[in-house]
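Structure first, commentary second.
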Amino acid sequence: MSWGTELWDQFDNLEKHTQWGIDILEKYIKFVKERTEIELNYAKQLRNLSKKYQPKKNSKEEEEYRYTACKAFLSTLNEMNDYAGQHEVISENMTSQITVELARYVQELKQERKSHFHDGRKAQQQIETCWKQLESSKRRFERDCREADRAQQYFEKMDADINVTKADVEKARQQAQTRHQMADDSKADYSSYLQKFNHEQHEYYHTHIPNIFQKIQEMEERRIVRIGESVKTYAELDRQVIPIIGKCLDGIVKAAESIDPKNDSQLVVEAYKSGFEPPGDIEFEDYTQPMKRTVSDNSLSNSRGDGKPELKFGGKSKGKLWPFIKKNKGATPEDFSNLPPEQRRKKLQQKVDELNKEIQKEMDQRDAITKMKDVYLKNPQMGDPASLDHKLAEVSQNIEKLRLEAQKFEAWLAEVEGRLPARSEQSRRQSGLYDTQSAPAVNNCAQDRESSPDGSYTEEQSQESEVKVLATDFDDEFDDEEPLPAIGTCKALYTFEGQNEGTISVVEGETLYVIEEDKGDGWTRIRRNEDEEGYVPTSYVEVYLDKNAKGAKTYI
């Protein structure tokens, strides 16, 4: 099957068909180009999505990723980022191996097609020229034959007329001979052109056109093969990234399988464990013999009397000190003594580890400077050893400072862990505005270890701290400040003796007003009346919030 023999008379149709083939190729290039743009946009959107949900550095969100479930989510985000990268690879490879290559090939194809059809038109012009020459020689031969016949007839007429002179007859004879000679010459030319045309026509239809059409056919078949190869490449470029995408998906599955609910539960314990003991049983107080009853050490009646707790503020009410306490609530002591025991231990351990890392870093720097100084001593041309003395002394001083700091935190850590005796009462004071006094022992085990509203706690089991107001100026500053509105009520589930600054004593079953919810530190702020308000452990009360009562200034 050859276009040259089968389609010898379809020059124009072949020209249209090959142009259509180039249009199809350019259409396919455009399709692949749009696919690469889609891949790039998809990869960009995936990367933005992954970035959007990444935890922010140095934020509470970053701390949440200690949990295995959050770690799995983070791994998923990272895998999706790699997944997006594979779609970028698809786009890049399709651009370089398909669109760029095919665009170059299309230009070559257009030039080749133009050359072949130029040769075809040249062959057409050649055969048309031969045909015109043949037609011209044929018409000339026909004309000369008619002229020769007319000249012959005229001669014969003159020769038969007796009135015509002999000279005229001879002239007519010569004219007839000349015309016959011209007719013979035209015949020869016509025969020559006819032979030439037949040769050219044979060459045109059996040699030139078949060769040209054969080249066009080969060009068209190469175009088809090239499209097939490109389509295959299109699929292979997708297939090449499948193993890597599979690894990304395997990573997500592995991350999901690494989720450990028990571990996460343990992390919750480590994050929020206070180290306090739960409240113990309340001792029975016998009211059947009021005249003979002795005052129980663990009863609130010794300090409540008519149902109100005894004020321990030297003539000033607790409520007067709350604004001052609230202002200092945000200050964190260096030894983290404001935290519950377990949380304090963790913070101190973390601080010790950080200091040890800094010490090691400084020691490495000192070693490096020492080595450099030795090199300078051995090779003075490389540098002055004395120039390093200042830096060496500075690093050594930093190491000493860090060691002293680490020893301080290690001592606090040892105290928390029970390796050293507890600090004295004086060393536990966090503010110069109050002092402590001894009080009768309290046997309620719920008070073994208490935390103050700002998170501080005491470890004494036999002492009660009473705050003496030393700076009365602060009371005057807040005398006119309006109390916070009640946002609900609460019922005491257990008896609680507020022995620390900022706490308030409650009796089981007592109803009070809530003026501030638990903000995550385990304490709820309540009010008994205008002058009595403070914090109680959230676990000791049952809270009933009332949105409609928000802002109301009512007291029991």
Inspect the range 69-82 for any residue being out of contact with any Asp or Glu (no Cβ under 9 Å at 6 or more places or on another chain) and among the small types (Gly, Ala, Ser) and give the result as yes or no. yes
Listed residues Asp238, Asp264; which is charged (D, E, K, R), open to solvent by less than 60 Å² (accessible area, probe 1.4 Å) and within 25 Å of the chain's Cα centre (by Cα)? Asp238
The condition of being outside any loop (DSSP other than H, G, I, E, B), at pLDDT below 85 and crowded, with 17+ Cβ neighbours inside 10 Å holds, among Arg366, Arg344, only for Arg344
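Out of Asp144, Asp184, I need the residue that is surrounded by 15 or more Cβ atoms within 10 Å (Cβ to Cβ), modelled with pLDDT of 90 or more and either acidic (Asp, Glu) or not in a helix (DSSP H, G or I) (or both). Which one?
Values: Asp184 fails: surrounded by 15 or more Cβ atoms within 10 Å (Cβ to Cβ).
Exactly one residue qualifies, and that residue is Asp144.
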Output the qualifying pairs, or none if there are none: Cβ atoms under 9 angstrom, residues six or more apart or on different chains, first residue in the range 85-109 and over 17 Å from Ala43 (Cβ atoms), second residue acidic (Asp, Glu). Leu102/Glu26; Ala103/Glu26; Val106/Glu26
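Just checking, does the range 39-47 include any residue being open to solvent by 30 Å² or more (accessible area, probe 1.4 Å) and either at pLDDT below 90 or among the β-branched types (Val, Ile, Thr) (or both)?
The answer is no, given that none of the residues of the range 39-47 is open to solvent by 30 Å² or more (accessible area, probe 1.4 Å) and either at pLDDT below 90 or among the β-branched types (Val, Ile, Thr) (or both).
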Quick check on the range 501-514. Is at least one of its residues surrounded by 13 or more Cβ atoms within 10 Å (Cβ to Cβ) and at pLDDT below 85? yes
Members of the range 63-94 that are surrounded by 15 or more Cβ atoms within 10 Å (Cβ to Cβ), among the charged types (D, E, K, R) and closer than 29 Å to Leu237 by Cβ: Glu79, Asp82, Glu88
Odd one out for Lys60, checked against (1) open to solvent by less than 40 Å² (accessible area, probe 1.4 Å); (2) more than 30 Å from Asn211 (Cβ to Cβ); (3) of a type in the set (Lys, Arg): (1)
Do we find a residue being assigned to a helix (DSSP H, G or I), basic (Lys, Arg) and modelled with pLDDT of 90 or more anywhere in the range 152-164? no
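The values are calculated or read from the model by the stated rules, or taken from the named source; none is laboratory data. Being a predicted model, the structure only gives us computed values, none of them experimental. In this analysis, Cβ positions are derived from the backbone assuming ideal geometry, glycine residues included, and neighbour counts consider all displayed protein chains. Calculation scope for accessible area: heavy atoms of the full protein, side chains included, ligands and nucleic acids excluded. Shrake-Rupley method; radii C 1.70, N 1.55, O 1.52, S 1.80 Å.
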